[in-house]
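Notes follow the structure.
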Amino acid sequence: MFFSRDFSIFCLILVLILFFLAGAPLATPQDKDLTYAKIQEYTGEGNNPHLSKIEEIDSWITYIPPQLSHPVYKSIITSRKGASHLSKEEGGNILSTEENINYWIDRLNFLNSPIEGAKISHRDSQLPNAPRPYRNGVHHGLDYYYDYCGVDIRIGTPVKAAGEGTVIRIDHDYEELTREEREELLAIAAEDSTTPEEVLDKLRGRQIWIQHQDNIVTRYVHLHSTCPELQVGDKVKPRQYIGEIGNSGTSHGVEDSSCGAHLHFEIWIDEEFFGHNLEVEEIRAVLEEVLQ
Ligand SMILES: [Zn+2]
């Protein structure tokens, strides 16, 4: 025999020790149970953490290995990081302005501007979360207009993929609304407390959606055209040409006019639009840092 029996046992023990050491930073089952019990004790239904207990919960979170996806744990992490559906008053977004900005810059930093060299508009009304009273809703994206982003924007200006990803929607066969159809949609929105999703989807006109890392989706809206070679499921590289700026779905688009051309660009994270639950200065700071 090449190895003696004693040497084989020695190797086995060594492997076991190494295996144990590699797993050592992870929590033991007792740690996990304790953490769950404590988190549940303070969160009730699991998605409304009590503010005064957050600091304590923070220290317990360090015991949980990152691969754990317990819903209570996830809801606290989500809340801590500003992406919760809950408002600040409800305990959903409890980070400071600086923490919010840094968190979102970290998470979105892989994105680039969808338009070469374009600046973020200085008008708050063109940023996400701006009110849209004409349809009882809020703005879910960022608008790039000729007068506000420092580059030439017109029908046909190229639109680029903001980051590496996969095309999950591309409206090659979009047909423009008629003026009557658009007015009907706005009338439906006027009767609702917020813009219904199916109405909003039609008002966005011709669109492309790209799925990126980390459950992030970017949407390119009101397009004039889509790159004919691209199909759903295709991979795109950062800054790859995907389509052209237009005004589809807007009041100008339905009149077949070339006015009002702009790119409406949305960033969705965990099925919430970027900017939801953030202050305008936080939104602006993140977008300027990430996209300019
Ligand atoms: Zn817009």
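The values are calculated or read from the model by the stated rules, or taken from the named source; none is laboratory data. In this text the structure is predicted, and so the values were computed from the model without any measurement. Please note: Cβ atoms are built from the backbone with ideal geometry, for glycine as well, and neighbour counts cover all protein chains shown.
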Subset of segment 139-154, residues within 16 Å of the ligand (Cβ to nearest atom) and of a type outside the set (Gly, Ala, Ser), comes to HIS139, HIS140, LEU142, ASP143, TYR144, TYR145, TYR146, ASP147, TYR148, CYS149, ILE153
Filter segment 244-283 for residues that are more than 20 Å from ARG219 (Cβ to Cβ) and charged (D, E, K, R); the one that is surrounded by the most Cβ atoms within 10 Å (Cβ to Cβ) is GLU282
LEU223 - would you say it is under 19 Å from the mean Cα position of the chain (by Cα), among the aliphatic types (A, V, I, L, M) and within 16 Å of the ligand (Cβ to nearest atom)?
no
Might you check whether a residue that is more than 19 Å from the chain's Cα centre (by Cα) and away from the ligand (no atom under 14 Å from the Cβ) occurs anywhere in segment 247-254? yes
Selection from segment 271-285 of residues within 16 Å of the ligand (Cβ to nearest atom) and not aliphatic (A, V, I, L, M) yields PHE273, PHE274, GLY275, HIS276, ARG284
Of ALA190, ALA162, the only residue that is at negative phi, surrounded by fewer than 16 Cβ atoms within 10 Å (Cβ to Cβ) and out of contact with any His (no Cβ under 6 Å at 6 or more places or on another chain) is ALA190
For segment 160-186, pairs from a residue that is at pLDDT below 95 to a residue that is part of a helix (DSSP H, G or I) and not polar (S, T, N, Q), with Cβ under 7 Å and 6 or more apart or across chains, are LEU185/VAL199; LEU185/LYS202; LEU185/LEU203; LEU186/TYR134; LEU186/ARG135
Exactly one of VAL232, VAL217 is at pLDDT 95 or above, in contact with a Gly (Cβ under 9 Å, 6 or more places away or on another chain) and under 21 Å from ASP270 (Cα atoms), and that residue is VAL217
The condition of being in the same structural domain as GLU272 (by TED's automatic domain parsing), at positive phi and within 15 Å of the ligand (Cβ to nearest atom) holds, among ASN136, ASN129, only for ASN129
Condition met for HIS276 (under 15 Å from ARG123 (Cα atoms), in contact (Cβ under 8 Å) with a residue 40 or more places away in the chain and not in a helix (DSSP H, G or I)): no
Filter segment 255-270 for residues that are closer than 23 Å to THR166 by Cβ and away from the ligand (no atom under 12 Å from the Cβ); the one that is farthest from the chain's Cα centre (by Cα) is ASP270
Pairing a residue in segment 137-149 that is within 11 Å of SER125 (Cβ to Cβ) with any residue that is within 9 Å of the ligand (Cβ to nearest atom) and of a type in the set (Val, Ile, Thr), where Cβ atoms lie under 8 Å and the two sit 6 or more apart in sequence or on different chains, gives none
Per the filter on segment 207-234, residues touching a strand residue (DSSP E or B) at 6+ places or on another chain (Cβ under 7 Å) and at positive phi are ASN215, HIS222, GLY233
